Amino acid sequence: MTATTAATAKETVPRVRTATPVLLGGAMAVALAVLCVLSAGLGAYDIPVGDVLGSILHRAGLGGAALDRVGESVLWNVRLPRVALALLVGASLGCAGALTQGVFGNPLAEPGVIGISSGAAVGAVASISLGLSLFGTWTVTVCAFVGGLVTVVLVYALSRSGGRTEVVTLILTGIAVNAFAGALIGLCVFVADNAQITQITFWQLGSLAQATWPKVLAVLPCALAGLAIAPWYARKLDLLALGERPARHLGVDVERLRMVLVLVVALLTAAAVAVAGIITFVGLLVPHLLRMAAGPGHRFLVPGSALGGALVLVAADLAARTAAQPAELPLGVLTALFGSPFFFWLLRKSRRSQGGWA
């Protein structure tokens, strides 16, 4: 009887552990779907939820009915591109945050630590202050994307020694490059005129106000590529969490894994920053909260962080548009206002649970 009870208990434990990620993922998916519909309807020109669904069904050829001319224009040319861009940017930042924390073995790491955001900012700010127009209206976006990727390659190359790249060296190099990028941004602001300074400030604060379908299509390939590649490395990230030496003994090529995932993080983050500006704390807090709720397993954490990042950014963008109508709050400022105190609470909670820092 005792053996039977023990066997039953053993079979029950995995079910309890796997139920939380499944339920959490399902709840986030439902909340995201509801929030997307609400975000598409709410704003200066309100559209009822039923009309939003009817217009979408009508466009898909599944019944429904089209709105009036103004309603159709607002929904399909303003609201839905913005919702779609929020989904892609939020998913990219959330997934990049989970990968960064897994690669560095630190739940408080985020993509900006290796200079991606600051490098993208240098590219964008330089293009604005120098008045570049090589790619027309896409010049700032392209320069920001290239700046982010070039910065990551530079950080990784400077950190590499003897065919290996240590985490501590990578982080310290990222800090140095971030400081240098900050100096370059200050220099660009110094030589810019008033109109350019206004544009630079707006870009650095982060916003989805200029969302269009072409911008959605521009970020879509990078986002989908990064989001598709990331889950394939979930098991190796779990092994890496045991430590570099145990991971190597278990067959993980740590150096190759780190290089591939740093490039994936760069692809996701640079694409997001290029179209939305600098948006902080999404890639830091979302993976951390999911790890607290569902455990450290990356099989759920990586896709879950993408889903959670999309949910957070759609909600934040809706609040930015509606909280101070007719004005619009900068999205990056809003995420920082709520993220900073929450991050401080997480630090205090972690410190108390560990009895102080070692």
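Computed from the coordinates by the stated procedures, all read-outs in this text should not be read as laboratory data. What you see is a predicted model, and the numbers here were worked out from it, not measured in a lab. No Cβ is skipped: glycine too gets one built from the backbone with ideal geometry, and neighbour counts run over all protein chains shown.
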Footprinting proxy, L134, L347: sorted fewest to most Cβ within 10 Å, the residues are L134, L347
Scoring only Lys, Arg, Asp and Glu (+1, +1, -1, -1) among other residues with Cβ under 13 Å from the Cβ of A66 yields -1
With viscosity set to 1.306 mPa s and temperature to 10 °C, compute the Stokes-Einstein D of region 41-81, Rh being the Kirkwood radius across alpha carbon pairs; µm²/s, no decimals. 159
Estimated distance in nm for a label pair at R69 and A176, the labels positioned 7 Å out from Cα along Cα-to-Cβ: 6.2
Checked against the structure, the computed Rg and Dmax of the Cα atoms in Å among (i) 21.9, 82; (ii) 21.5, 72; (iii) 20.9, 66 is the one labelled (i)
Looking at the chain as a GNM with Cα springs under 10 Å, which of G71, G162, G26 has the largest mean-square fluctuation? G162
Added length on full extension, which subtracts the Cα-Cα distance from 0.36 nm per residue, A323 to N77: 86.4 nm
In what order do L108, L239, L307 fall by count of nearby beta-carbon atoms within 10 Å, going from fewest to most? L108, L239, L307
Apply 1/(1 + (r/R0)^6) to the Cβ-Cβ distance of R299 and R352, taking R0 = 22 Å, and write down the FRET efficiency to the nearest 0.05. 0.15
So for V22, V142, fewest C-beta neighbours within 10 Å to most, what's the order? V22, V142
What is the Rg over Rh value, at two decimals, for region 222-303, using alpha-carbon atoms and the Kirkwood definition of Rh? 0.99
Could you list which residues have their amide H under 5 Å from that of G206, counting only those 5 or more apart in sequence or on another chain, with H placed in the peptide plane? I278, G332
From Cα pairs below 8 angstrom and at least 6 apart in sequence, can you work out the relative contact order of the chain, rounded to a whole percent? 27
Just subtract the alpha-carbon distance of W138 and A241 from 0.36 nm times their residue separation and send over the number in nm, one decimal. 33.1 nm
Full-stretch length increase - L217, F342 - with 0.36 nm per residue and alpha-carbon distance subtracted: 41.7 nm
Taking 8 Å as the Cα distance limit and 6 or more residues as the minimum spacing, I'd like the relative contact order of region 153-292 as a percentage. 26
Evaluate the charge dipole of region 169-313 about its Cα centre and quote only its size in Debye, nearest 20, assuming +1 on the Cβ of each Lys and Arg and -1 on the Cβ of each Asp and Glu. 440
Report the label-to-label distance for T198 and T169 in nanometres (one decimal), using points 7 Å from each Cα along the Cα→Cβ vector. 4.8
Given the -39500 (n - 2.57) contribution per DSSP H run of 4+ residues, what per-residue ellipticity at 222 nm results for the chain, rounded to the nearest 500 deg cm²/dmol? -25500 deg cm²/dmol
